[in-house]
Amino acid sequence: MEKNGNSAVAVASATTTKNRYLSFAIGDEIFGIEIDVVKEIININTLGIVPVPHTPDYVKGIANLRGYIIPVICVRLRFLMEQKEYTDSTCIVVLEQKEGNIGLIVDGVNEVKHIDEAHIALPPSAKLNHINQFVKNLGKTEDAVMLLVDTQKLLYDEPHPI
């Protein structure tokens, strides 16, 4: 470990977030996002979303998060799933990106799970559905298989048909 205290903290922080994923639900599927890009989780009802004209349907709008304007996208619609009415479980997962923070509307968050490297595998090469283009890996936990999302593709790639 380096003498510089800040480097030690950065190393410890990187070690504690490695292979840790925030699990969230979209319908019956469980997805995971690397915890190191998650800034916070907010109840959908506490953040006013203002629609922006001429944007894709999955872009729900922008929101003022403590003085910062962030775009908010609906993961359900991004995955070409049917829009669902928001419930008490619906929340916004705010991701920290180089370009700025972005909010993801999800049906609900579950927990942070550690998945050993040995239990992470590439997804099948077959294009089973539209969601697969946003899945980077599969994470096997003790009770389920979690679809690990490639946030760069989810946020920035144009969707392509199967």
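The values are calculated or read from the model by the stated rules, or taken from the named source; none is laboratory data. Computed from a predicted model, the values in this text were never measured in an experiment. For neighbour counting, all protein chains shown are included, and Cβ atoms are generated from backbone atoms with ideal geometry for every residue, glycine included.
For the range 87-101, name all the residues that are surrounded by fewer than 21 Cβ atoms within 10 Å (Cβ to Cβ), within 19 Å of Thr151 (Cβ to Cβ) and among the β-branched types (Val, Ile, Thr).
Scanning the range 87-101 gives a single hit, Val93.
Could you identify the single residue in Thr16, Thr55 that is within 24 Å of Thr141 (Cβ to Cβ), modelled with pLDDT under 95 and either more than 12 Å from the chain's Cα centre (by Cα) or in a strand (DSSP E or B) (or both)?
The match here is Thr16.
Output the residues belonging to the range 38-86 that are loosely packed, with under 11 Cβ neighbours inside 10 Å and among the hydroxyl-bearing types (Ser, Thr, Tyr).
Matches in the range 38-86: Thr46, Tyr68.
Out of Glu99, Glu82, report the one residue that is of a type in the set (D, E, K, R) and within 18 Å of Phe31 (Cα to Cα).
Glu82
Looking at Val72, is it under 12 Å from Val106 (Cα atoms), without any contact (Cβ under 8 Å) to a residue 60 or more places away in the chain and in a strand (DSSP E or B)?
When the stated conditions are applied, Val72 passes them.
Of all residues in the range 105-115, which are in a strand (DSSP E or B) and either free of Cβ contacts under 8 Å to residues at least 40 places away in the same chain or of a type in the set (D, E, K, R) (or both)?
Matches in the range 105-115: Glu111, Lys113.
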